[in-house]
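Working notes for the structure below.
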Amino acid sequence: QIVLKTLREARGLSQEDLAKAIGVRQSTVGMWENGKNKPKYNTLLKLAAFFDVDVNYLVGEEQKDRADVLRVPVLGHVAAGIPIEAIEDIIGYEELPAASFQDGEYFGLRIKGDSMEPRIKEGDVVIVRRQPDVGSGEVAVVIVNGHEATVKRVVKHDNGITLISFNSAYPPKFFTCNEVLNLPVEIIGKVVELRGKF
């Protein structure tokens with residue numbers, strides 16, 4: 001069960017953490033992961049719900065493509081300089097209605113930290129449309145100074161842009177036009193949907 005181990009490690013969970021979360025022994029998780037045993041169907045459903053993935057994905061079968069559904073990868077992080085399609089840290093998939101998402105390329109990003117609370121919480125997934133710019137006031141995935149991507153509201157001015165967190169504990173950050181070019185401040189895409197996790 002390579003997939004299970006990958007999902008567990010992407011969440012930073014030990015076998016014991018996962019065992020507790022779904023109500024089995026740690027040794028059971030170990031046997032699943034080394035292929036000595038397989039989860040029963042009801043347990044598979046629990047695991048799929050826990051990791052927010054499709055049961056077929058969990059058992060290593062690619063889901064049959066459906067014309068009305070667009071499956072997009074959910075990434076655990078986006079770093080500077082790595083094209084999205086090259087990122088191997090896929091922690092699951094989200095299904096989008098194909099009719100509403102035909103106008104571009106989309107991916108999901110799992111939120112880390114509390115800078116966008118209360119609206120977007122840690123562990124939530126945002127659906128992002130890849131584009132190199134957004135309108136003033138829109139929420140975007142942004143990479144600043146070559147670090148990992150962050151989600152912020154982008155407000156544009158004649159002399160630069162301000163990145164604003166929803167959480168008032170984090171002060172807005174202003175960047176001049178020169179800093180935007182040279183740091184750089186790079187917009188990866190526009191946040192078009194929030195999928196909250198409970």
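The values are calculated or read from the model by the stated rules, or taken from the named source; none is laboratory data. Here the structure is a predicted model, which means the values were calculated and not measured. Note: ideal-geometry Cβ built from the backbone for every residue, glycine included; neighbour counts use all protein chains shown. Ligands, DNA and RNA are stripped out before the accessible areas are found, and what is left, the full protein with its side chains, is counted by its heavy atoms. Shrake-Rupley method; radii C 1.70, N 1.55, O 1.52, S 1.80 Å.
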**Message:** Once you keep just the Cα pairs under 8 angstrom separated by 6 or more residues, what percentage relative contact order results for the range 98-187?
**Reply:** 24
**Item:** Phi to ³J(HN,Hα) by Karplus 6.51 cos²θ - 1.76 cosθ + 1.60 over the range 129-146, Hz, x for Gly, Pro
**Value:** 9, 5, 6, x, 7, 9, x, 4, x, 8, 8, 9, 8, 10, 10, 10, 6, x
**Asked** Which whole-number percentage describes the relative contact order of the chain, with Cα contacts under 8 Å and a sequence gap of 6 or more?
**Response** 16
**R0 of 35 Å, Cβ-Cβ distance Lys112-Val55: FRET efficiency to nearest 0.05** = 0.85
**Request:** Using θ = phi - 60° and the Karplus relation 6.51 cos²θ - 1.76 cosθ + 1.60, list the HN-Hα couplings for the range 70-75 in order, rounded to whole Hz, with x at every Gly or Pro.
**Result:** 10, 9, 10, x, 9, 9
**Message:** If amide hydrogens are placed 1.01 Å from N in the peptide plane, which non-local residues have theirs closer than 5 Å to the one on Glu105?
**Reply:** Arg130
**Request:** Starting from the amide H of Val192, placed 1.01 Å from N in the peptide plane, find each other amide H under 5 Å away whose residue is 5 or more places distant or on another chain.
**Result:** Ile127, Val128, Arg129
**Asked** How much of the accessible area of the chain, probe 1.4 Å, is carbon plus sulfur, in whole percent?
**Response** 51
**Asked** Among (i) 9, 36, 34, 10, 6, 4, 1, 0; (ii) 8, 32, 31, 19, 8, 2, 0; (iii) 8, 33, 37, 19, 3, 0, which one is P(r) over Cα pairs in 10 Å bins from 0, in percent computed from these coordinates?
**Response** (ii)
**Request:** Would you please give the residues with an amide H less than 5 Å from that of Gly92, counting only those at least 5 places away or on a separate chain, with H modeled from the backbone geometry?
**Result:** Val74
**Request:** Tabulate in residue order the Karplus-calculated ³J(HN,Hα) for the range 184-189, using 6.51 cos²θ - 1.76 cosθ + 1.60 with θ = phi - 60°, rounded to whole Hz; enter x for Gly and Pro.
**Result:** x, 10, 10, 8, 9, x
**Request:** Would you please state which residues of the range 107-132 a label at Glu193 would reach in this model, taking the label point 7 Å out along Cα→Cβ and a backbone N cut-off of under 15 Å?
**Result:** 107-110, 125-130
**Message:** Quick check: pseudo-label points 7 Å beyond the Cα along Cα→Cβ at Lys38 and Arg25, how many nm apart are they?
**Reply:** 2.2
**Net lengthening on full extension, His157/Asp17 (0.36 nm per residue, minus Cα-Cα)** = 45.7 nm
**Complete:** The answer for the chain, accessible area per residue at 1.4 Å probe in Å², is 56
